[in-house]
Amino acid sequence: MCLVILVFYVLLPSVVSVSTQTSLLQGFRNKRMKWWFLYWLILSLVSHILTDDSDIDDPWSCMSEADSDLTESQSDSTIRTVEKLEDCLEEALLTETKSICVGRFMAVLYKPQGPFKGLEFYASETEVMSEKAVANSTLSVQLPSELDVGPNNPIVFCVLTWPEKQGHIWGSPGVVHGSKLVGLSVGTKNISGLQERVNITMNLTMGVNETEEPSCVFFNFTEEKYSSNGCLTLWKRGQSHVTCSCDHLTYFGVLLVSASLSPTDQKVLTYISLIGCSISLFALVITFLLFISKRKIRGDVSMKVHINLAIALILLNLHFLPSGLVAATSSRGVCLYMALLLHYSLLATFSWMAVEGFHLYLLIVRVFNIYVRKYLLKLSLVGWGVPAVIVSLVVIIDIDAYGRVLLDSSEPNSTAVCYIGNDIVKMVTTVGMFGLVFIFNLIMFGVAVRRVVSPHHIKEFGQTDRDRAKRDIITLLGVSTLLGITWGLIFFSFGHLTTPSLYLFCIINSLQGFFIFLWFVMSLRKIGKPSTTTSIETRSSNG
């Protein structure tokens, strides 16, 4: 309103008539009164502008309000408070770089000057600063030159400390170290996909025990949950600091999570897997050679089903054993080929396990009057065809799902293999398929156990026949190996069961090929005896 009056007064001579001007000027004969009136208008205008600007929260008032809310409330309402604070700091009008400390909040509002060549921030428990280290620094941030910000894009560095020490903040899956979140932003720009990473180094003020390890995460305000996508955790056991190397800007924190495996266990399990798979590969090759050299067993359908499973396991071991070496030394094209075939051979192994379960069902449940035209051909179409369809769909939809994958995503120097990098593809095509196969085969195994311990079976062979009991036990162990029942141990690798379950899983399943070899050799001794006929062909025509 004051601005309108002033403009009207200044423009008055050009918009009103001369007579009107004369009458008005007579009202202001006293020149002193006229200048006092102008002075009052100018003061009112300046006061109005300052009053309007005060409606926009300045950084100090924003941080004071956020600190008060953080102290009084520990609910998720603080998420909205922090979002409001972030907007306030980003929109602050800067003429120079400022450091602000209010309660549990510390921030640096940095105004770039000249070409941007990177920037460093430092913070202690009571002080924050840009470009220059502070005394007793516990936190440092390195921003890459790739940000390429100008004077109109202020950089905001903010440290938020929660009242509760070593607590769970905003539903975090683990304890947030130091109860601190570190915020980084550039004006209103959305920074992501950086080639030169942002490095945030935080001192571990409390020791990390053997059952814990730090994990770098950021808070996704849209989904209101923590995520580690785009962040690497650079830390080795015994180090007093952890570095979070991320490709975007937001609010970061370090979670202390339960370590699933110690470094020693990881190495031991790796050696067990390599040794066991090597033994299995050798045993499976011998099994295949025995099959093709024995004319009598080549016509047995059950043996043909077993040998297809053996071939799937040979392919799996052939592509698993050198996968780490290929990932470390070969080109992307070779690694893509290795990952694709490793995925296919794993799915083929699961598929032939399911075929074994179906074949077992026909043998022990539907014993009589079985006629399946081109039975083995149809089994082969399922055993080899289904995995081919799944892999083809993945290639068509997203071929980049295959490639070099770190075994430990939080450790950039960990061993890499050529496999599936997309977690969704991995879960759906491998875990999902195996889950279905495992449930089906577990039912078939239960049917087999019931058949072996049934009164009719005992009556047929005699209750005191210890040799028969031993053979039954061996039969069930062999069936469990063929059906892949032991692969189900992976579903029990959680909590305190993680380490023992993984040891059992690696030992038993890496030697699966060796167990199949033993089963095959024992089956050779029984081939030709009338009482041990196990093939569908002996009971029906294969067509």
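Any residue in the stretch 502-523 that is buried (at least 16 other Cβ atoms within 10 Å of the Cβ), among the hydroxyl-bearing types (Ser, Thr, Tyr) and modelled with pLDDT under 85?
yes
So is GLY178 modelled with pLDDT under 90 and in a loop (DSSP other than H, G, I, E, B) or not?
Considered against the rule, which asks whether it is modelled with pLDDT under 90 and in a loop (DSSP other than H, G, I, E, B), GLY178 comes out as no.
Could you list all residues from the stretch 190-202 that are touching a residue at least 24 places away in the same chain (Cβ under 8 Å) and exposed (fewer than 13 other Cβ atoms within 10 Å of the Cβ)?
Once the filter is applied, which keeps residues that are touching a residue at least 24 places away in the same chain (Cβ under 8 Å) and exposed (fewer than 13 other Cβ atoms within 10 Å of the Cβ), the stretch 190-202 yields SER192, GLY193, GLN195.
Which ones in the stretch 234-261 are out of contact with any helix residue (DSSP H, G or I) (no Cβ under 7 Å at 6 or more places or on another chain) and under 25 Å from LEU325 (Cβ atoms)?
The answer is LEU234, LYS236.
If you go through the stretch 500-517, how many residues are free of Cβ contacts under 8 Å to residues at least 24 places away in the same chain and either hydrophobic (A, V, I, L, M, F, W, C) or outside the structural domain of GLY478 (by TED's automatic domain parsing) (or both)?
So the count comes out to 3.
Could you list all residues from the stretch 293-317 that are free of Cβ contacts under 8 Å to residues at least 12 places away in the same chain and among the basic types (Lys, Arg)?
ARG295, ARG298, listed by residue number.
Considering the stretch 314-338 alone, what residues qualify as being out of contact with any helix residue (DSSP H, G or I) (no Cβ under 8 Å at 6 or more places or on another chain) and in a helix (DSSP H, G or I)?
GLY324, LEU325, ALA328, THR329, ARG332, GLY333, TYR337
In the set GLY238, GLY276, GLY253, which member is of a type in the set (Gly, Ala, Ser), assigned by TED's automatic domain parsing to the domain that holds ILE169 and crowded, with 16+ Cβ neighbours inside 10 Å?
So the residue among GLY238, GLY276, GLY253 that is of a type in the set (Gly, Ala, Ser), assigned by TED's automatic domain parsing to the domain that holds ILE169 and crowded, with 16+ Cβ neighbours inside 10 Å is GLY253.
Determine which member of the set LEU347, LEU360 is in the same structural domain as GLY478 (by TED's automatic domain parsing), closer than 27 Å to LEU393 by Cβ and in contact (Cβ under 8 Å) with a residue 12 or more places away in the chain.
Sole residue among the options that is in the same structural domain as GLY478 (by TED's automatic domain parsing), closer than 27 Å to LEU393 by Cβ and in contact (Cβ under 8 Å) with a residue 12 or more places away in the chain: LEU347.
The values are calculated or read from the model by the stated rules, or taken from the named source; none is laboratory data. Nothing here was measured: the structure is a model prediction, and the numbers come from that model. Positions of Cβ are generated from backbone atoms using ideal geometry, with glycine treated the same way; all protein chains shown enter the neighbour counts.
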